[in-house]
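What follows is a short report on a single structure.
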Amino acid sequence: MRQFQFNYIDATAFRAELIKIRQWCSASVTSHIVFQIYTETTDTSLLRSICRIIDSELPQAEYFGCSSNGNIIGGNFWEKPIGIICTVFQYPSAKMLIRQFKLTEETAEEVTDELKSIIAENSWVKAIELVTTIHDMSMTGFCDGLSEIDPGIQIFGGGAFAPDINSKSAIVFSKGGSIMENSVVFWLLGGDDMHITSTYVTGWKPLGKVFHITRCDGSRLYEIDNEPAYDVYRKYLNIKNDEHFFNNTLEFPFLYQHNGISILRAPTDSLPDGSLIMTSNIESDVTAQLAYGDPGTILESVRHEGKKIHNFRPETVQIFSCAARRSFWGNTEISKESMPFQNFAPTSGFYTSGEFLRTNGFVNQHNVTMVLVGMREGDAPEGKQEELTVDDSEFTGKMALINRLANYINAAFRDLEESAMTDGMTKLLNRAEIQRRISERLKTGDPMGLIMIDIDNFKSVNDTYGHNEGDNVIIGLADMLRRGIPAHNMEASAGRWGGEEFMVLMPYDMDYVIPAAKDMCDDFSKLEFPLAGHRTISIGVTAAIPGESLDELLKRVDSALYDAKRGGKNRFVVV
């Protein structure tokens, strides 16, 4: 396999490049010649001229391509509008087909069914590369149809885009088809000596609050936390619902779990009613978070996932990278995540409106992701190979600022979240949070014991020794619970119920709960406070009964505590 990469300058220079390729092919063994054309211009007359020149100089060659938001040549983002990659396959066993179809939501099933028929007639297919238009279309049906293809076949590719990130204009084209909007091109590859591997890189991390998707219909996201979905971007990022919405939100996608992996999903439009149009369906009643790009995490992911490509020892590397990543890094830094692959194999690709990759059998549409594909003919070569080298030198300027701000925001959010759940004095859970956990456990019907604690004769501590000593006794009990509960159950939760009262949830049956209550009585009585000396506690213990209400459970444990008090204190009572 040999690859030639260059930018289109003009017809004369292009013909000269093709003559060089023709001469190389004449002196070598070749089986297929395929051109991939990525273009930041949608000038159809220019694109047709390029295709005619290929037909004239290399009539046996195939070609296909799409509009893009930028091109990768030699591992670098290249600021020329048209990138051309010519791959020459040399093994006689190499097999391939290129097919183009009109693609809309209505034709998606028909297209994938036709693709299945082609594969059924060509058992040699090992991988399918695709370039497709996406804008204003949910790709869920398309991806579901592709997922039904033989799971042993790899599927990957990218969505056509435009140089203006807010433009809806995008095209794909091929030798056997034409220049089209609403279309997809499939490149089917295979043969005994064809070897292909693929993986993906994200590096976007969840940012702060966890949201609940409360209303969604297909790719239209109506409500998050029972409020219009757009409000998330307005409230937390101050993004306006205007013609720049797509551009402003592209770097802040939602992160959620889908088909067993983390998926990033960006909205394409915000409608007047506050609903969002997503590039693919999102299910209702799932959780999601806004995400942000973290430079260090991105490059660590490049290093980690890049090893899979490096160890495969490819002859070429293809990259389908989201335009949001280009926007995030900026033109001067974006090559940090693509150039490492050029060190050991010719690397090319384009910046997309969405990325496609089959993982665990499912074909997923990604956003803000970089899909990596390694190809080679024949066995992996022996001998030394150039290393995968990632430039992770200290970030400066925009990247450093993003990194620090994001760390600050996440740390501040964790502090706020913790303070909202904990009691200020004891640092145990507050009443609202421990009650919420009891209620959630009750709904499951799983075993649960409650231990309700009250400090005996607490008023006399305050009256005799002052409120500071009273606080010391409360904090002493809290510290004891924090230290002692893990010895019985790591999943137990302790909270301050109010004043000198505490509540402990133990997600076990009474064989575990009762010994824990006894230990609590014994351990607290051994503590000695500076002024108050030794003190005691009374405890009520009960077990949840399937089907009962929260109020019924709380009344019963409170009654058990009352019985312990009335029975002489410094004891526990089980009801």
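The values are calculated or read from the model by the stated rules, or taken from the named source; none is laboratory data. In this text, all values refer to a predicted model and were calculated from it rather than measured experimentally. Positions of Cβ are backbone-derived with ideal geometry, glycine not excepted, and every protein chain shown enters the neighbour counts.
Brief remarks follow.
- Members of the range 537-568 found to be over 49 Å from the mean Cα position of the chain (by Cα) and exposed (fewer than 14 other Cβ atoms within 10 Å of the Cβ), listed by number: R566, G567, G568
- Output for the range 269-279, where each listed residue is part of a strand (DSSP E or B) and surrounded by fewer than 22 Cβ atoms within 10 Å (Cβ to Cβ): D269, I277
- Here the range 193-208 is the region considered, the condition is being of a type in the set (S, T, Y) and modelled with pLDDT of 95 or more, and the residue that is farthest from the chain's Cα centre (by Cα) is T197.
- Selected residue (only one of A532, A564, A543 is modelled with pLDDT of 95 or more, under 18 Å from G445 (Cβ atoms) and among the hydrophobic types (A, V, I, L, M, F, W, C)): A543
- Selection within the range 137-184: residues that are more than 22 Å from the chain's Cα centre (by Cα) and among the acidic types (D, E). The member of this set that is nearest to T44 (Cα to Cα) is E181.
- The listed residue being within 20 Å of G374 (Cβ to Cβ) and either in contact with a Pro (Cβ under 9 Å, 6 or more places away or on another chain) or not assigned by TED's automatic domain parsing to the domain that holds I33 (or both), out of G75, G83: G75
- Helices (runs of 4 or more DSSP H) enclosed by the range 396-502 - at least 3 residues per element that are among the charged types (D, E, K, R), under 33 Å from the mean Cα position of the chain (by Cα) and modelled with pLDDT under 70: 397-421
- Close pairs (7 angstrom Cβ cut-off, 6 or more residues apart or separate chains): more than 15 Å from L357 (Cα to Cα) in the range 155-171, aromatic (F, W, Y) anywhere: F161/Y351; N166/F246; A170/F161
- For first residues located in the range 292-314 and more than 15 Å from E387 (Cα to Cα) and touching a residue at least 24 places away in the same chain (Cβ under 8 Å), partners that are part of a helix (DSSP H, G or I) and small (G, A, S) and lie 6+ apart or on another chain with Cβ distances below 7 Å form the pairs Y292/A406; D294/A406.
- The set of residues in the range 313-366 that are more than 16 Å from L299 (Cα to Cα) and either outside the structural domain of E129 (by TED's automatic domain parsing) or in contact with a helix residue (DSSP H, G or I) (Cβ under 7 Å, 6 or more places away or on another chain) (or both) comprises V317, F344, T347, Y351, T352, S353, G361, F362, V363, N364, Q365.
- Residue satisfying all of: in the range 131-157; out of contact with any Leu (no Cβ under 8 Å at 6 or more places or on another chain) and part of a strand (DSSP E or B); farthest from F246 (Cα to Cα) among these: Q154
- Candidates E386, E377, filtered to the one that is more than 26 Å from R265 (Cβ to Cβ), touching a Phe, Trp or Tyr at 6+ places or on another chain (Cβ under 6 Å), modelled with pLDDT under 90 and charged (D, E, K, R): E386
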